[in-house]
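If you scroll down you'll find the structure; I have some questions about it.
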Amino acid sequence: MRYILSHLYVAISLLLFVVIMLWLGTTQSFAQDETPELLELEGGIPAGFMVIEGDIIVPESFFEQNGESSRGGFGDTQFWPNGAVPFRFDTTGNDAVSQANQNAMQSAMGDLEAVANVTFVPRTSQTNFITIRNSTNDMCGSPPEPCPRNSSAVGMVGGDQIVNIVSWNTNFVMVHELMHALGFWHEQSRPDRDHYIEINPDNIDPDNLHNFQIRSAVDVYPKRDYGLSDADTYDFDSVMHYGQCAFAVSACPPNTTITVSPPNQAWQNQIGQRVRLSDLDSLTVSLLYRQPNWRFVDRTNTGSQNGSFSDPYRIFSDGTTHTPTGGTLFIQPGNYYAVGTYNKELILDAPLGNVVLGN
Ligand SMILES: [Zn+2]
């Protein structure tokens with residue numbers, strides 16, 4: 001009997017142990033998957049943030065830090081590691097995103113996934129992620145007035161960041177907001193934009209003129225860095241360009257944004273398109289969110305050099321060493337010391353020409 005009891009004791013102990021472990025496992029997985037509370041918002045914007053250029057969410061300290069013409073800048077923008085963007089939909093109350101709208105948004109995500117190494121992944125336990133909400137019923141100010149708008153921060157901000165959508169039926173408006181979230185600014189606020197467009201203040205509310213501010217001299221657009229001449233890279237066709245009637249205070253025409261002519265007049269009715277990614281949109285997002293086996297070399301880079309498009313290696317052999325077998329090494333124009341023995345299969349791409357490999 002004692003023998004049986006002791007066995008029973010062991011069995012019960014084991015059972016308890018297993019139950020406790022299972023319970024621990026359950027609580028642990030609950031803790032890990034716990035859904036963060038939705039952020040407290042006013043008019044779709046979290047406390048401490050504001051909207052500039054109509055749809056870009058920045059910290060309120062944005063201007064204090066850098067002055068009126070500031071912008072975070074290409075060098076300061078945080079890109080999503082490995083192109084993975086965790087997301088969730090707000091499904092509560094007035095902000096709830098319907099199933100049909102969730103499907104529409106995921107179609108917009110697919111358009112970006114198709115051209116770059118970007119993956120929008122449903123959030124599980126990631127710390128940094130976007131919350132997509134329906135902004136249609138938003139109210140702002142005092143007394144409160146309707147203020148529905150599309151908006152997003154630029155790049156990965158850290159923690160939970162909001163993407164507000166009203167235009168659920170316009171796929172490439174959603175793509176535009178997702179491009180902001182990936183790290184893109186507006187085309188027409190480029191430092192060199194005055195060569196291509198004129199802003200007509202006569203039809204713009206003075207309170208809205210700041211939306212046409214040129215941002216600092218920081219080169220935010222990698223398509224410029226890519227070495228193409230400016231004339232080739234100002235992208236009238238970009239989904240990130242505003243239309244000719246943006247912020248018009250009265251009927252339009254008169255246009256608020258006028259393409260400089262000659263030779264750019266042909267673009268007048270085209271700017272602001274929201275029907276596709278332009279060729280340069282696709283190129284740029286594909287370079288910023290590169291394939292895993294792509295590396296870049298640029299002899300003029302003075303940064304820390306991690307081989308990415310935005311921070312390329314300076315030395316040719318660093319590029320060949322770090323490019324995975326079968327990968328592609330993109331080389332910016334210039335002369336490179338390249339004498340050596342190479343026994344790895346690589347594709348060398350000089351997309352802009354004028355690369356000399358020598359000693
Ligand atoms: Zn925008």
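Can you put 113, 37 in order of Cβ neighbours within 10 angstrom, beginning with the fewest?
37, 113
Using amide H atoms built in the peptide plane, which far-off residues or other-chain residues are under 5 Å from residue 349 H to H?
Hits under the 5 Å cutoff: 329, 330, 331.
Name the long-range amide H neighbours of residue 301: under 5 Å, sequence gap of 5 or more, or other chain; modelled H, no Pro or chain starts.
The list, which skips near neighbours in sequence, is empty: none.
Quick one: of the DSSP bridges fully inside the range 42-182, what percent are antiparallel, nearest 5?
Of the beta bridges lying entirely in the range 42-182, close to 40 percent run antiparallel.
Percent relative contact order of the range 290-358, based on C-alpha pairs within less than 8 angstrom and at least six residues apart?
About 30 percent, as a whole number.
Within 10 Å of each residue's Cβ, count the other Cβ atoms and sort 317, 189 from fewest upward.
Listing 317, 189 from fewest to most nearby Cβ atoms yields 317, 189.
Sequence-distant or interchain residues sharing an amide H contact under 5 Å with residue 335, placed H: which?
356
To continue, here is another question. Read phi for every residue in the range 243-258 and hand back ³J(HN,Hα) as whole Hz from Karplus 6.51 cos²θ - 1.76 cosθ + 1.60, θ = phi - 60°, with x for Gly and Pro.
Karplus-based 3J(HN,Hα) across the range 243-258 equals x, 5, 10, 4, 6, 4, 8, 10, 4, 9, x, x, 5, 8, 10, 10 Hz.
Within a 10 angstrom radius of the beta carbon, how do 339, 51 rank from fewest other beta carbons to most?
Taking fewest neighbouring Cβ atoms as first place, the list is 339, 51.
Applying 1/(1 + (r/R0)^6) with R0 = 25 Å to the Cβ-Cβ distance of residue 275 and residue 214, what FRET efficiency is obtained, to the nearest 0.05?
Computed FRET efficiency for residue 275 and residue 214 comes out at 0.40.
Read the figures in this text as sums done on the coordinates, not as results from a lab. What you see is a predicted model, and the numbers here were worked out from it, not measured in a lab. Note that we place each Cβ from the backbone using ideal geometry, even for glycine, and neighbour counts take in every protein chain shown.
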